[in-house]
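A.B. asks: Sharing a structure here in structure tokens format.
The values are calculated or read from the model by the stated rules, or taken from the named source; none is laboratory data. Remember, it's a predicted structure, so these values are computed and weren't measured experimentally. All Cβ positions, even for glycine, are placed from backbone atoms using ideal geometry, and neighbour counts span all protein chains on display. In case anyone asks, the SASA skips ligands and DNA or RNA and just uses the protein heavy atoms, side chains included. Shrake-Rupley method; radii C 1.70, N 1.55, O 1.52, S 1.80 Å.
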Amino acid sequence: MPASATSPANSPANSPANSPANSPANSPANSPAPSSAAGSRAVDLRLYGLLDVGVCGADGARLAELGAEAVAGGCTLLQYREKDIADARAALARIRAILAAVGGRVPVLVNDRVDLALAAGADGVHLGQSDLHPADARRLLGEGAIIGLTLKKPAQADELYRLPVDYACIGGVFATTSKDNPDPPVGLDGFASIAFRARLARGAGLPLGAIAGIGLDNAAAVVAAGADGVAVITALFGADSVRQRAHDLRARIDGALAERAGAR
């Protein structure tokens, strides 16, 4: 398991070299990431790409290619997501292919499955409210792993003070067809309310992401509501050019973060 998950945001490998705005001054990969809470692993949530098998397909080589293109365009974190895994060995092979293609440029997490994260040597896991408890995941994965958690309700945010997690994603913010969300979308006001409670519980340094229904048209609004980044599936991996879409999303997110910082 990697000893830490340092932000790849300033790595030349993470710069979208083939994009129209690839100079050091214009590349979103060269802008500063939001700081992380003291004592937690540094996690750059600005552009969190979810490689969802239900959306991207189950071909390991294709998933690896999509992941590499997303990172080249400015993606700062990746997750392998496969609900209802019928073949754990096939899923493990896909995760390993993604890890090999990314080559350590950004952390790669596994959705839900701590066992597959361990077996693959992934950088950590993202857990839902009904998955393994974060404390148990931490005991299994060790202090160097990244552990993320989904928050859907304010009361769940209140519990963060005692949970060994490195970031949280709040949602679903908007309606989406990429994920099965039985709960209604929380919207921007609901996101802001949950984020406020999360920061009361864990302090301002815990990175908070937004998930569900987010794309180029509303990413800046979500950041203005308090998100440190966005988690995307179709808005990124459904594009004709994943690299260019990642670059465009990063530019939109980084601009919104800079505007929010300037307003303080």
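A.B. asks: Set the Förster distance to 25 Å, then compute FRET efficiency between Asp84 and Asp115 from the Cβ-Cβ distance, nearest 0.05. If you can, show how the numbers build up before the last one.
C.D. replies: On the way: r = 15 Å, r/R0 = 0.61.
Once rounded, the FRET efficiency stands at 0.95.
A.B. asks: Ignoring ligands, DNA and RNA, what percent of the accessible area of region 118-188 is carbon or sulfur (1.4 Å)?
C.D. replies: Values: 1660 of 3100 Å².
That share works out to 54 percent.
A.B. asks: Oh, and also: Would you mind calculating the gained length between Asp59 and Phe196 on full extension (0.36 nm times residue separation, minus the Cα-Cα distance), in nm to one decimal?
C.D. replies: Working: separation 137, 0.36 × 137 = 49.32 nm, distance 3.98 nm.
Stretched out fully, the Asp59 to Phe196 stretch lengthens by 45.3 nm.
A.B. asks: Return the loop-located trypsin sites (Lys or Arg not before Pro) in region 63-109 (DSSP other than H, G, I, E, B) with at most 13 other Cβ atoms within 10 Å of their own Cβ; answer none if there are none.
C.D. replies: Values: sites: Arg81, Lys83, Arg89, Arg94, Arg96, Arg105; in loops: Lys83, Arg105.
When the trypsin sites (Lys or Arg not before Pro) of region 63-109 are filtered for loop state and at most 13 Cβ neighbours within 10 Å, Lys83 remain.
A.B. asks: Let me ask something additional. How large is ³J(HN,Hα) for each residue in region 134-140, as worked out from phi by the Karplus curve 6.51 cos²θ - 1.76 cosθ + 1.60 (θ = phi - 60°), to whole Hz, x for Gly and Pro?
C.D. replies: Listing the rounded values in order: x, 5, 5, 4, 5, 4, 6 Hz.
A.B. asks: If you roll a 1.4 Å probe over the heavy atoms of the protein chains, what accessible area per residue do you get for region 155-236, in Å²?
C.D. replies: On the way: 3130 Å² over 82 residues.
Accessible surface, normalised per residue, equals 38 Å².
A.B. asks: Follow-up. Does region 88-184 classify as rounded, prolate or oblate by the C-alpha gyration tensor (a ≥ b ≥ c root eigenvalues; a/c under 1.5 gives rounded; else a/b over b/c gives prolate, otherwise oblate)? Intermediate values should be presented prior to the final figure.
C.D. replies: Working: a/c = 2.03, a/b = 1.35, b/c = 1.50.
Here region 88-184 falls in the oblate category.
A.B. asks: Hey, what do the phi angles of region 80-96 turn into as Karplus ³J(HN,Hα) couplings, whole Hz, using 6.51/-1.76/1.60 and θ = phi - 60°, x for Gly and Pro?
C.D. replies: 8, 10, 9, 7, 6, 5, 8, 10, 5, 5, 5, 4, 4, 4, 5, 4, 5
A.B. asks: If a/c stays under 1.5 just call it rounded; otherwise compare a/b with b/c (prolate if a/b is bigger, oblate if not). Do that for region 202-250, with a ≥ b ≥ c from the square roots of the Cα gyration tensor eigenvalues.
C.D. replies: Details: a/c = 2.42, a/b = 2.21, b/c = 1.10.
Taking the square roots of the gyration eigenvalues as a ≥ b ≥ c, region 202-250 is prolate.
A.B. asks: Something else now. If you find the alpha carbon centre of region 56-131 and of region 194-264, how far apart are they in angstrom?
C.D. replies: First find each Cα centre; the distance between them is then 21 Å.
A.B. asks: Name the shape class, rounded, prolate or oblate, that the alpha-carbon gyration tensor gives for region 164-264, where a ≥ b ≥ c are the square roots of its eigenvalues, rounded holds for a/c under 1.5, and otherwise prolate holds if a/b is larger than b/c and oblate otherwise. It would help to have the intermediate numbers written out before the result.
C.D. replies: Working: a/c = 1.83, a/b = 1.22, b/c = 1.51.
Oblate, because a/c is 1.5 or more while a/b does not exceed b/c.
A.B. asks: OK, next. Defining a contact as two alpha carbons under 8 Å apart and six or more residues distant in sequence, what relative contact order in percent does region 122-264 show? All intermediate terms of the calculation are to be shown ahead of the outcome.
C.D. replies: Numbers: 224 pairs, mean separation 26.6, N = 143.
That works out to 19 percent.
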